[in-house]
Amino acid sequence: YVEGISFTTHTESLDWLERMRFKVIPHDTCSTIEQAGASIRSIGENRTAYPYDIDGAVVKVNSLQERSLLGSTAKFPRWAAAYKYPPEVKSSRVLDIVIQVGRTGVLTPRAVLEPVRLAGTTVTSATLHNQDFIAEKDVRIGDTVLVRKAGEIIPEVLSVELEKRPEGAEPYRFPQTCPVCGAPVERDEDWAHIRCTGA
């Protein structure tokens, strides 16, 4: 809200804010849907070059009068549309596979990764869920893996880059005893998890 000045377009308001020394993110003005599509693709292809993290782009109607005519629903404006980019995927090397024991005794494997910058944070580990996940993906210590953040939050291993597998890398085997208390471990009835019998 500004007193003593009026704008006819969103771009005019952004330009004014910039002149007043407010930080304004880069933006394009497009006159066709094809130009808007090209701008969305360009932003996505160059999103790692921004000094901040982004996960999408927003297309807005520029005319403030047309925005008023279009109105809004109870949840969102009809004059704007958001486009979300696929999660960022990067390579990292599995330095180790460690076992965490939960409070219910479930053993959960975790990949210790060579640090990699992903979606705004440095990722150094990723869950491997269970023995079946490790076997299905054939994750081995020393492997180069593709990693992303599920929902832009939780690091996960997508796949192994088999052509980069070091010679002599051995398939991972779950421990036969609990790494915390030394009790034997057994597979749950549903076969999904391995659990410490001493828990």
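The values are calculated or read from the model by the stated rules, or taken from the named source; none is laboratory data. Just so you know, these numbers come straight off a predicted model, no measurement behind them. For neighbour counting, all protein chains shown are included, and Cβ atoms are generated from backbone atoms with ideal geometry for every residue, glycine included. For the accessible areas, the whole protein counts, side chains as well, though only heavy atoms, and no ligand, DNA or RNA atoms are used. Shrake-Rupley method; radii C 1.70, N 1.55, O 1.52, S 1.80 Å.
Some notes on this structure:
- DSSP loop trypsin sites (Lys or Arg not before Pro) with at most 13 other Cβ within 10 Å: longest gap in the chain: 104-172
- Farthest positive-ward along the chain dipole, Cα basis, beta-carbon charges - from Gln65, Ser6, Pro166: Ser6
- In the context of the full protein assembly, Glu136 retains an accessible surface of approximately 140 Å², using a probe radius of 1.4 Å and ignoring ligands and nucleic acids.
- Calculated on the Cα set of segment 57-120, radius of gyration then Dmax: 22.6, 61 Å.
- For Ile33 and Tyr1, the FRET efficiency from 1/(1 + (r/R0)^6), where r spans their Cβ atoms and R0 equals 25 Å, is about 0.20.
- Projected label points at Ala192 and Asp96, each 7 Å from Cα along the beta carbon direction, are separated by 2.9 nanometres.
- R0 of 22 Å, Cβ-Cβ distance Ala150-Tyr83: FRET efficiency to nearest 0.05: 0.65
- Max mean-square fluctuation residue, GNM over the chain, Cα-Cα springs under 10 Å, options Thr124, Thr177, Thr32: Thr32
- Percentage relative contact order, the chain, counting C-alpha pairs under 8 Å, at least six apart: 15 percent
- Cα-based shape type of segment 1-89, given that a ≥ b ≥ c are square roots of the gyration tensor eigenvalues and the cut on a/c is 1.5: oblate
- Reported label for calculated Rg and Dmax of the Cα atoms in Å given (1) 20.8, 62; (2) 24.8, 77; (3) 16.7, 48: (2)
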